[in-house]
1. Calculate for the chain the 222 nm mean residue ellipticity that helices alone would give, adding -39,500 (n - 2.57) per DSSP H run of length 4 or more and normalising by residue count, nearest 500 deg cm²/dmol.
2. Tell me the carbon and sulfur percent of the accessible area for the chain, rounded to whole percent, probe radius 1.4 Å.
3. Mind giving me the nanometre distance, one decimal, between the label points for I173 and S100, set 7 Å out from Cα along Cα→Cβ?
4. Plugging the Kirkwood radius over Cα pairs into Stokes-Einstein for segment 66-107, at a temperature of 20 °C and a viscosity of 1.002 mPa s, what D comes out in µm²/s?
5. So, by mean Cβ neighbours within 10 angstrom, what's the order for 151-160, 19-28 with the highest one leading?
6. Given Cα pairs under 8 Å that are at least 6 residues apart, what percent is the relative contact order of the chain?
7. Report, in order of residue number, the helices in the chain meeting two criteria: a C-alpha extent of 15 Å or more along the helix axis, and a mean Kyte-Doolittle hydropathy of at least 0.0; treat each whole DSSP H run as one helix.
8. So if we plug the beta-carbon distance of K27 and R166 into 1/(1 + (r/R0)^6) with R0 = 35 Å, what FRET efficiency do we get, rounded to 0.05?
Amino acid sequence: MEDWSHCLDVAVQIALRAGQVVQSAVKQEKQVSSKSTPTDLVTEADHQVEELIISTLREKYPSHRFIGEESSAAGVKCELTDDPTWIIDPIDGTCNFVHSFPMVAVSIGFAVRKELELGVIYHCFDGTLYTARKGHGAFCNGVRLQVSKEKDVSKALILTEIGAKRDPATLDIFLGNMKKLLSAPTHGVRIIGSSTLALCHIASGAAEAYYQYGLHCWDIAAAAVIIREAGGYVIDTTGGPLDLMSRRVVAAGTRQIADYVVKQLQPINYGRDDLT
């Protein structure tokens with residue numbers, strides 16, 4: 001088995017550099033446009049940070065492949081092969097970034113033979129660094145992470161995100177899913193505007209579960225490794241194994257909570273990342 005520890009070290013250094021760019025850019029006037037929907041925002045900083053990450057990684061690993069949020073939005077095929085592949089979200093929480101709302105992260109995941117090997121997520125506003133490598137644990141600023149082991153959903157805090165679709169039918173399903181989980185009852189449901197940071201809260205034990213329809217492979221890749229290495233579960237919304245390209249996920253500290261969330265959800269179809 002190949003040792004990918006050198007890749008983790010490189011990813012950490014690049015994430016920290018990218019985070020510095022984001023921290024600087026948030027203070028400047030932003031050029032904002034939209035992608036798939038009026039609520040799916042992108043800024044010049046998204047493009048700049050992704051270019052920084054990919055160009056630096058490509059110089060270090062010229063044979064590796066790359067999946068990036070902004071290059072995929074520009075038409076580059078989103079395809080996960082057996083080759084070593086970096087999966088990058090340059091600024092997760094772009095809407096937060098536009099409004100200077102302090103939940104913004106750089107996310108860098110790495111897969112080999114379609115298996116997720118490592119993840120790095122850097123919280124750009126408070127300097128929190130989440131890291132994990134398959135089989136070697138998950139850490140926050142060097143301190144080992146452990147998920148919540150709560151099995152009782154009535155004592156659970158659950159996180160989610162809305163997704164880019166805001167048509168009435170989609171919103172009815174979204175709100176219906178939230179209503180089911182609130183009336184379980186649970187302690188509550190929270191939305192923070194950053195899928196990657198919300199997933200990190202599962203890894204840290206700050207919340208018991210996360211679910212979403214409409215996120216992308218670059219939102220899940222790094223976080224999935226971090227949660228699993230912290231002892232948690234990352235699965236499909238059907239209850240089966242995670243499909244990284246399916247644009248849907250349930251994550252939880254315990255299988256009991258994950259299975260409960262799965263049973264409450266009515267699906268929302270966002271298509272697939274590898275079919276766009």
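1. Computed ellipticity for the chain at 222 nm equals -11000 deg cm²/dmol.
2. Values: 6100 of 12000 Å².
Carbon and sulfur together cover 51 percent of it.
3. 3.8
4. On the way: Rh = 11.5 Å.
Here the translational diffusion coefficient equals 187 µm²/s.
5. 151-160, 19-28
6. 17
7. 5-25, 168-182, 217-229
8. The computed FRET efficiency comes out at 0.75.
The values are calculated or read from the model by the stated rules, or taken from the named source; none is laboratory data. All of these numbers come straight from a predicted model, not from anything done at the bench. Every residue, glycine as well, gets a Cβ built from its backbone with ideal geometry; the counts of neighbours run over all protein chains shown. The protein model used for the area step is the full one, side chains on, heavy atoms only, and it has no ligands, DNA or RNA in it. Shrake-Rupley method; radii C 1.70, N 1.55, O 1.52, S 1.80 Å.
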